[in-house]
Each structure stands twice: as C-alpha cells, then as structure tokens.
Amino acid sequence: MTARRFLFLLSSARQGGNTQAMARAAAASLPPSVAQDWRDLTTAALPPFEDLRHGASYGPLPPAMAALADRTLKASDIVFVAPLYWYGLPAPAKLYLDHWSHWMRLPDLGFKARMAGKRAWLIMAHAGSTEAEIAPARDGLRCATAYLGMVWGGALLADANAPGDWQKDTQAQSAAPQFFAA
Ligand SMILES: Cc1cc2nc3c(=O)[nH]c(=O)nc-3n(C[C@H](O)[C@H](O)[C@H](O)COP(=O)(O)O)c2cc1C
C-alpha cells in the first residue's frame, strides 16, 4: 500500500482560529507514518483563475502554482480546513478549486486521473448555522471532489464563533481525535 500523505489547506481569513485548531487536534491522532503537509492558502495568495477552456489554450503553470499542484498530487488525502463564510467556502478555498479546472487541462500533468481515489475531507467551523445552512458548502465540496473521482472522507463541524470557541462544542471535541480514523 502506498504511504499516506495528508495535505491540509487552510483558508480562514484569521490565524489561530477554530478551523485551524480543530484541524491540529484531528491531525494529532494521525500515526507518525502518515506525512502531513500544511499549506495556508491565504498567506501566499493564489493568482486569479482565468477560464481559457474555449479560446487560447492554457500555458504551463507558474512556479508557485506548479508547486501547489505538485503538493496536491503527492497527497493521498486532501483536507479543506475552511470556516463557513456566507454559507459557502472561503474565497481562497474556492479559488484553489477553480484552479483545478486549469490543472485538469494540462495533458502532461494527468491531473484528473491522478486525483481519482484520493480522499477528500472538510473541517469547518460555523457560527450557529443549521444543517440545511451548512449543506450547500459541504455538499458542493463533496460533488466537486467526486467529479474528480475522489472519495469523500467526511466533514468535521464545530459550532464556534470567536477563536477557541470550538472547545466549547463538546461534540466537536470528542469527534476531532477520531475524525481521520472513521
Ligand atoms: C466573512 C464571514 C462570513 C461568515 N459567514 C458565516 C455563515 O454564513 N454562517 C455561519 O454560521 N457563520 C459564518 N461566519 C462565522 C464563522 O464561520 C465563524 O466565526 C468561524 O468560527 C470562523 O472560523 P475560524 O475561527 O477558523 O476563522 C462568517 C464569518 C466571516 C468572517
């Protein structure tokens, strides 16, 4: 079996918030044999995505994006560490997904075929939203990753607003250490 490697993609607009803390708590129970790669999508902002599907063809990736695509392809598991923003994913996480549309069209990368079978996870804090209000963000990500043949690992949710609040959500507290074992 190939070694597992988790890519954690942070997308909160603040440091030290609930999603990041919850992701660290979940990651702490991964065995040492599992590699962890942490990338904050907000600190080195991604370039705008250009839709060139039906006109000029896509050129090679600039170095920073080639590195991100490479880290994505090296991962067995991709974890979106994303607070709920306006009932959707934060813009950096959504922009990262949009860039997949470019990566999929680079024949040398073999992106779509190589993404198939990887596992996708979501770690999300929200502030008092209902299941119906969370569903569009969670299910949209699940559909996007399924489009590439990825397997859905699950969503770890916490009802939390100010940083540290996730620790008051007892359900999230007990779910975090077991999340990746499920
Ligand atoms: C721009 C913005 C939009 C938000 N939209 C929602 C929302 O639609 N639903 C919700 O329950 N919480 C919403 N929140 C609250 C955050 O999801 C909540 O504070 C969460 O704990 C932030 O995660 P973090 O600590 O990892 O940054 C929003 C917060 C911000 C800053």
Exactly one of (1) under 23 Å from Val34 (Cα atoms); (2) open to solvent by less than 40 Å² (accessible area, probe 1.4 Å) is unmet by Gln173. Its number? (2)
Against the definition (in contact (Cβ under 8 Å) with a residue 12 or more places away in the chain, surrounded by fewer than 16 Cβ atoms within 10 Å (Cβ to Cβ) and of a type outside the set (D, E, K, R)), how does Ala67 come out, yes or no? no
Tally time: how many residues in segment 148-165 are over 16 Å from Leu89 (Cα atoms) and either aromatic (Phe, Trp, Tyr) or more than 9 Å from the ligand (Cβ to nearest atom) (or both)? 6
Ala181: touching a residue at least 24 places away in the same chain (Cβ under 8 Å), crowded, with 18+ Cβ neighbours inside 10 Å and among the small types (Gly, Ala, Ser), yes or no? no
Return the residue satisfying two criteria in turn: it lies in segment 26-60 and is away from the ligand (no atom under 16 Å from the Cβ) and part of a strand (DSSP E or B), and of such residues it is surrounded by the most Cβ atoms within 10 Å (Cβ to Cβ). Gln36
Scanning segment 83-95 residue by residue, those near the ligand (Cβ under 8 Å from one of its atoms) and open to solvent by less than 70 Å² (accessible area, probe 1.4 Å) turn out to be Pro83, Leu84, Gly88, Pro90
Among (1) within 15 Å of the ligand (Cβ to nearest atom); (2) open to solvent by 30 Å² or more (accessible area, probe 1.4 Å); (3) closer than 15 Å to Leu7 by Cα; (4) not in a strand (DSSP E or B), where does Ala23 come up short? (2)
Given the condition of a type outside the set (Val, Ile, Thr), open to solvent by 40 Å² or more (accessible area, probe 1.4 Å) and in contact (Cβ under 8 Å) with a residue 40 or more places away in the chain, answer yes or no: does some residue in segment 150-159 qualify? no
Any chance segment 109-124 includes a residue that's within 16 Å of the ligand (Cβ to nearest atom), over 12 Å from the mean Cα position of the chain (by Cα), open to solvent by 40 Å² or more (accessible area, probe 1.4 Å) and touching a residue at least 24 places away in the same chain (Cβ under 8 Å)? no
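The values are calculated or read from the model by the stated rules, or taken from the named source; none is laboratory data. On a predicted model such as this, the values are computed, not experimentally measured, just so you know. Using ideal geometry, Cβ is built from the backbone for each residue, glycine included, and neighbour counts are taken over all protein chains shown. Quick note on the areas: whole protein, heavy atoms, side chains included, nothing else; ligands and nucleic acids left out. Shrake-Rupley method; radii C 1.70, N 1.55, O 1.52, S 1.80 Å.
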